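These notes are about the structure you will find just below.
The values are calculated or read from the model by the stated rules, or taken from the named source; none is laboratory data. Remember, it's a predicted structure, so these values are computed and weren't measured experimentally. Heads up, the Cβs are rebuilt from the backbone with ideal geometry, glycines too, and the neighbour counts pull from every protein chain shown. Ligands, DNA and RNA are excluded from the accessible area calculation, which covers all protein heavy atoms including side chains. Shrake-Rupley method; radii C 1.70, N 1.55, O 1.52, S 1.80 Å.
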Amino acid sequence: MSVELDLVPAGLARVLEELPLVDHHVHGACAHDLSRTAFEEMITESDRPVPDWMTQFDSQLGFAILRHCAPVLGLEPFCAPEEYLARRARLGVDEVNRLLLGASGVGHFLVETGYRGEELLGPSGMAEVTGVPADEVVRLESVAEQVAAAGCGAGSFAARFAEALWERTRTARGLKTVAAYRCGLDFDPAPPAPAEVTEAAGRWLAGGGGRLTDPVLVRHLLWAGLERGLPLQFHIGFGDPDVDLRRADPLLLRGLIERAAPTGVPLLLLHCYPYQRQAGFLAQAYPNVFFDVGLAINHTGARSTAVVAESLEVAPFAKLLYSSDAWGPAELHHLGALLWRRAMARVLGTFVAEGEWSPAQAERVAVMVGAENARRIYKLGAGR
Amino acid sequence: MSVELDLVPAGLARVLEELPLVDHHVHGACAHDLSRTAFEEMITESDRPVPDWMTQFDSQLGFAILRHCAPVLGLEPFCAPEEYLARRARLGVDEVNRLLLGASGVGHFLVETGYRGEELLGPSGMAEVTGVPADEVVRLESVAEQVAAAGCGAGSFAARFAEALWERTRTARGLKTVAAYRCGLDFDPAPPAPAEVTEAAGRWLAGGGGRLTDPVLVRHLLWAGLERGLPLQFHIGFGDPDVDLRRADPLLLRGLIERAAPTGVPLLLLHCYPYQRQAGFLAQAYPNVFFDVGLAINHTGARSTAVVAESLEVAPFAKLLYSSDAWGPAELHHLGALLWRRAMARVLGTFVAEGEWSPAQAERVAVMVGAENARRIYKLGAGR
Amino acid sequence: MSVELDLVPAGLARVLEELPLVDHHVHGACAHDLSRTAFEEMITESDRPVPDWMTQFDSQLGFAILRHCAPVLGLEPFCAPEEYLARRARLGVDEVNRLLLGASGVGHFLVETGYRGEELLGPSGMAEVTGVPADEVVRLESVAEQVAAAGCGAGSFAARFAEALWERTRTARGLKTVAAYRCGLDFDPAPPAPAEVTEAAGRWLAGGGGRLTDPVLVRHLLWAGLERGLPLQFHIGFGDPDVDLRRADPLLLRGLIERAAPTGVPLLLLHCYPYQRQAGFLAQAYPNVFFDVGLAINHTGARSTAVVAESLEVAPFAKLLYSSDAWGPAELHHLGALLWRRAMARVLGTFVAEGEWSPAQAERVAVMVGAENARRIYKLGAGR
């Protein structure tokens, strides 16, 4: 279900082309040059070495890089991977970042800093390269792990975490949880009792802290995050092999969504593939639920049109956002925005071509999903 | 995957346009005028107040109303919601119902009366407004709740329910269960023993009756329904937040489907979104299983083509039906029929355009799904 | 989402038309003539009698037979089922097989012999009729059941099975497990201890052997298969009513996939419908996972384009294969290949038409999925 881009109504095409997107969940661009091996490992969610009988360039994401990023670096579309990587190396990471991030047309980045952030540009680095605002989204689990690493007793963990969270989020726009990776989303939705938290913290700290996976602690972080009151992002669905995809189904959050409603905190379901329809149902049913299909847009490449289309089914249009979930190579930041614009143009253009939507409706929904909804939820102001 | 409507073979377009549908699962149209708030709350499955930063008109269903119902009320397509609601109020509910229901081209309504039926037109009211037959589908749980409300001891519950069910269904065409809402579909498929029923009834009645959620009683109702022998409809999948969508997966009914086969009772899986492919599998595997994608057609609007297409995969064409599941505003009755006709025209038209189906096959399948299958299952006679 | 076949780039169309496919999971063609009843029962996965109020010809698969197989037998497309079956009977099974298998353009068959193989052509029969190589894939559960049937004590079962497996697979190219049918995929992924195997074998053999469903024994077979070292095929998803589709979700194999990685054995997920996106995720995440959408292609007919499209999302292109899973009527072998070629032409042709892929990329991916990946995995040599 799609139309050729040259059949998209001109007004809609222009709106989508020029819209300064809010990328409401993204990581920093890579700050150093990359070998072919390193680059290939960053364009897959797999954390295993790439087998020698294949290349990650033979994927939707790989093809999208050769199609859309090559011209930004001054090459022909569909060049060979070798040619692409040679050009990339010759330009150097700073120029690559400048070109690809600059051409993405993103108007505001919300940068999640909790995953190997030291290898990447931080929010200020992103703002410097792109010339647009970049604010921080803080990962709850990382704050807790830093509290443990700094040394902390079980009995003081909850208080220390609360202090650290407040300190780390003074200027942050949102919080993020990777509960899906750490214990699965099928946890007890109730906040744990203080004594349970102390006991679980004792077990964890006695083991030296490190990766926090105890469901009691994960729940404590979530509820502390809800109390902090910033919009709360959830990793959902598609990700690296660390995730048990069955336990990353957004429907598992039903109990938490209902219990969290009185806090008034917006809950943002990220990625969601292949559960985008389930996420859409939750976004219709519950006023406090929002979602995106970030990450999946990059990884499905030429098929991202289908994923975006499925996200535009039962959710009210005020409940859908844009993100790239890019991490590392600036190709991912660039493609997230470019593929989303193309997919929206095709999907909304089809609705118009079929006579189901007016061009004005399509333009308005494009702006809501691409920027306005995020500006309202994260209180970003009117934008440029 | 769709073709423009003007590319649909003329014969198929005409067949679909003129087909008197059997809407095999629908509720009554609203019998009173509606405020904007009330109207918006009836065009979503959410039971929460609509937040002040959004409107339900900004949804696929909202857009479909402005596109397709506005002209029926004498307005331009894509008018503003305010204009639409003002016109609606000026016409008054009787005229709105007459116009929208009349233009739906439905030939026979099977009206489920068990959910807030007192606010809506009943079967006779629907027949009167539309001039076509309207028969009743009786909700099992409502009959049981009425038995409790009328006063009943635990030991006599089963007998009283059996009597009441017989009484209430003398002229009914089918039964309906909302087990998915009440206890989830992951219940024990075996009929409960009489002593278990008495015990469960005792607990329920001691609590004053009311909303029936005990799985033992739900199972008893189901098996009593199977014994009654009318076609039995199941709420599946998409619905209001009362449903845990994970526990509304039709695959959970496998055990019951197998056990119920000897009764010869047709089991009709309603709505099914986003599990339409799972429903299709059950409809291929089991002769006693049928399904539709009602409700989802309205709520996915311009995307209903995709949902209808997914329902036409592995199920034999004798196993698929049409329903709107409309409840309340006559817009829902109207759109259910209109969007189904358009979706079928596009999906079957694509099969023909691609050379995979003949026009005659497409026309025949349209008639089977839109009317004939329901006429056979519910023994409705040949229709007009 | 598809283009007319006459809009597919000519080079891609020719590559797909002429590609000698590797059908990496197929059963033999039926070696005897078939009554209408028998034929209809073989074109559905249902194992129930076809009700007298319907015909299996009224399905996507039935329509595809009348559309695409009729011309191969010298009839007009879209002829009546009666005409088709009369022609089929007049030609006789040998000629039908010769015509349909010959026109499929398959270059190499990997024939799974474990399900009612005695009614079908074996690998040598398939090779004889088609003039191309046909190798065997051995079903683990069948080997075990033969060991039991030949008489075996509990204590010697493991050793006898190992011997028999080695003997039966001297020239085999792969192994197959139907764990999904026998105990569901939610089994403990660890290899069972020898004492557990002996105990479970004792229970099974005391009951006379027969259909092997004990999860301990199924796990033992799997691990013995991994030790044997041939590529290992898993039934996943769609199949006959014997399967609980919820317990045939490929995500349930996560634990086994991770534990089996060190063996280096390729794990091939077959069919996968409606879990093709879940399979794609596993194929991206884990180097040892491969998959296909066989069986579903035949059963979704005109809709197979959508299923193939969904299989081309997040999996690297080196991880996807072609199979028909045909069993019995040679129509299934023929259609599997024909519908796959058409679906790939439409899906990849759309990527090219939309400017997202180059024609050369599309041609290369077609060859990888249709033949090269299987040749590499099963070590089949370069092909013709």
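Hey, what angle do you get for helix A:215-228 against the long axis of chain A, alpha-carbon based, 0 to 90 degrees rounded to 10?
So the inclination is approximately 70 degrees.
Give the separation of the Cα centroids, region C:67-82 to region B:194-217, in Å.
Taking the Cα centre of each part, region C:67-82 and region B:194-217 sit 59 Å apart.
Tell me the net charge near A:Pro287. Cut-off is 15 Å between Cβ atoms, A:Pro287 excluded, with +1 for each Lys or Arg and -1 for each Asp or Glu.
On the way: positive: A:Arg254, A:Arg259, A:Lys319, A:Arg376, B:Arg48; negative: A:Glu258, B:Glu40, B:Glu41, B:Glu45, B:Asp47, B:Asp52, B:Asp58, B:Asp240.
It works out to a net charge of -3.
How much net charge surrounds A:Arg14 when only the other residues with a Cβ under 12 Å from the Cβ of A:Arg14 are counted, with Lys and Arg +1 and Asp and Glu -1? Numbers along the way, then the final one.
On the way: positive: A:Arg341; negative: A:Glu17, A:Glu18, A:Glu363.
Result for the local shell: -2.
Relative contact order for chain C: what percent, with Cα pairs under 8 Å and sequence separation of 6 or more? Let's see the in-between values first.
On the way: 722 pairs, mean separation 90.6, N = 384.
About 24 percent, as a whole number.
Of the residues A:Glu136, A:Glu112, A:Glu128, which exhibits the maximal mean-square fluctuation in a Gaussian network model of chain A defined by a 10 Å Cα contact cut-off?
Looking only at A:Glu136, A:Glu112, A:Glu128, the biggest GNM fluctuation is shown by A:Glu128.
Could you derive backbone 3J(HN,Hα) for region C:41-46 from the dihedral phi with the Karplus parameters 6.51, -1.76 and 1.60 (θ = phi - 60°), listing whole Hz in sequence and x where the residue is Gly or Pro?
Going residue by residue, I get 6, 8, 10, 9, 7, 5 Hz, with x marking Gly and Pro.
Can you run phi through the Karplus equation (6.51, -1.76, 1.60; θ = phi - 60°) for region C:117-128 and list ³J(HN,Hα) in whole Hz, with x for Gly and Pro?
Going residue by residue, I get x, 5, 8, 10, 5, x, x, 5, x, 5, 5, 5 Hz, with x marking Gly and Pro.
Pull up all non-local amide H partners of C:Gly174: gap of 5 or more, or a different chain, and H-to-H distance under 5 Å with H placed in the peptide plane.
C:Val138
Between rounded, prolate and oblate, where does region B:157-206 land on the alpha carbon gyration tensor, with a ≥ b ≥ c its root eigenvalues, rounded for a/c under 1.5, else prolate if a/b exceeds b/c? Before the final figure, lay out the partial values.
Numbers: a/c = 1.98, a/b = 1.20, b/c = 1.65.
Oblate shape, in that a/c is at least 1.5 and b/c is the bigger or equal ratio.
Could you pull out the chymotrypsin sites (Phe, Trp or Tyr not before Pro) across region B:1-104 that fall in loop regions by DSSP (anything but H, G, I, E, B) with no more than 12 other Cβ atoms inside 10 Å? Kindly include the intermediate steps, with their values, before the conclusion.
Numbers: sites: B:Phe39, B:Trp53, B:Phe57, B:Phe63, B:Phe78, B:Tyr84; in loops: B:Trp53, B:Phe57, B:Phe78.
Of the chymotrypsin sites (Phe, Trp or Tyr not before Pro), the ones in loops of region B:1-104 whose Cβ has at most 12 other Cβ atoms within 10 Å are B:Trp53.
Considering chain A as a Gaussian network with a 10 Å cut-off on Cα pairs, which listed residue, A:Leu85, A:Leu165, A:Leu332, attains the greatest mean-square fluctuation?
Evaluated over chain A, the most mobile residue of the options is A:Leu85.
Could you tell me the relative contact order of region B:119-184? Use alpha-carbon pairs under 8 Å, at least six residues apart, and round to a whole percent.
41 percent
Report the semi-axes of the equivalent ellipsoid for region A:280-319 in whole Å, largest first, where each axis is √(5λ) for an eigenvalue λ of the Cα gyration tensor.
Numbers: eigenvalues 91, 19, 7 Å².
So the equivalent ellipsoid measures 21, 10, 6 Å along its semi-axes.
Which value at 222 nm does the protein assembly as shown reach when only helices count, each DSSP H run of 4 or more adding -39,500 (n - 2.57), with the total divided by all residues and rounded to the nearest 500 deg cm²/dmol? Don't skip to the answer; put the middle values down first.
Working: 54 runs with 513 residues, N = 1152.
Computed ellipticity for the protein assembly as shown at 222 nm equals -13000 deg cm²/dmol.
Could you work out the pair-distance distribution P(r) of the protein assembly as shown from its alpha-carbon pairs, with 20 angstrom bin width and percents rounded to whole numbers?
12, 41, 38, 9, 0
Which three numbers, in whole Å and largest first, are the semi-axes of the equivalent ellipsoid of region A:259-300 derived from its Cα gyration tensor as √(5λ)? Before the final figure, lay out each step's value.
On the way: eigenvalues 98, 21, 7 Å².
Here the semi-axes work out to 22, 10, 6 Å.
Give the long-range amide H neighbours of C:Asp33: residues separated by 5 or more places, or on another chain, with amide H under 5 Å away, using H modelled in the peptide plane at 1.01 Å from N.
Amide H neighbours of C:Asp33: C:Val93.
Pop out a list of residues from region A:276-311 that are at least 50 Å² less accessible with all the protein chains around than in their chain alone; 1.4 Å probe, no ligands or nucleic acids counted.
A:Arg277, A:Phe281, A:Gln284, A:Pro287, A:Ala302, A:Arg303
Whole-Hz ³J(HN,Hα) for each residue in region C:65-78, computed from phi via Karplus 6.51 cos²θ - 1.76 cosθ + 1.60 with θ = phi - 60°, x for glycine and proline: what do you get?
These are the phi-based 3J(HN,Hα) values: 4, 5, 6, 9, 8, 3, x, 5, 8, x, 10, 6, x, 6 Hz.
How far is A:Gly131 from the same spot in each other copy, in nm, shortest first, if each label point sits 7 Å from Cα toward Cβ?
Values, ascending and in nm: 6.7, 6.7.
Just to confirm my numbers, what's the Cα centroid distance between region C:297-367 and region B:289-367 in Å?
With region C:297-367 and region B:289-367 each reduced to a Cα centre, they are spaced 25 Å.
Relative contact order (percent) for region C:45-162, with alpha-carbon contacts under 8 angstrom and 6 or more residues of separation? List each step's numbers first, then the result.
Numbers: 91 pairs, mean separation 18.7, N = 118.
Result for region C:45-162 is 16 percent.
If you put a point 7 Å past Cα along the Cβ direction, how far is that point for B:Ala86 from the same point in each other copy, in nm, smallest first?
Ordered by distance, the counterparts are at 6.8, 6.8 nm.
How many angstrom separate the Cα center of region A:4-60 from the Cα center of region A:116-133?
Result: 17 Å between the Cα centres.
Using square roots of five times the C-alpha gyration tensor eigenvalues, list the equivalent-ellipsoid semi-axes of region C:54-156 in whole Å, biggest first. Don't skip to the answer; put the middle values down first.
Details: eigenvalues 245, 62, 27 Å².
Largest first, region C:54-156 gives 35, 18, 12 Å.
Loop-only GluC sites (Glu not before Pro) in region C:1-36, please: DSSP not H, G, I, E or B, and at most 14 other Cβ atoms within 10 Å. Please report the intermediate quantities before stating the final value.
Numbers: sites: C:Glu4, C:Glu17, C:Glu18; in loops: C:Glu4.
Of the GluC sites (Glu not before Pro), the ones in loops of region C:1-36 whose Cβ has at most 14 other Cβ atoms within 10 Å are C:Glu4.
Name the long-range amide H neighbours of B:His271: under 5 Å, sequence gap of 5 or more, or other chain; modelled H, no Pro or chain starts.
Here B:Asp292, B:Val293, B:Gly294 satisfy the definition.
When a/c reaches 1.5 or more, the comparison of a/b and b/c decides; with that in mind, is region A:189-314 rounded, prolate or oblate per its Cα gyration tensor? All intermediate terms of the calculation are to be shown ahead of the outcome.
Details: a/c = 2.84, a/b = 1.59, b/c = 1.78.
It comes out oblate by the Cα gyration axes.
When a/c reaches 1.5 or more, the comparison of a/b and b/c decides; with that in mind, is region B:287-384 rounded, prolate or oblate per its Cα gyration tensor?
Values: a/c = 1.64, a/b = 1.11, b/c = 1.48.
Verdict is oblate for region B:287-384.
Can you count the Lys pairs in the protein assembly as shown with C-alpha separation below 24 Å, eight or more apart or on different chains?
Going through the protein assembly as shown pair by pair, I get 9.
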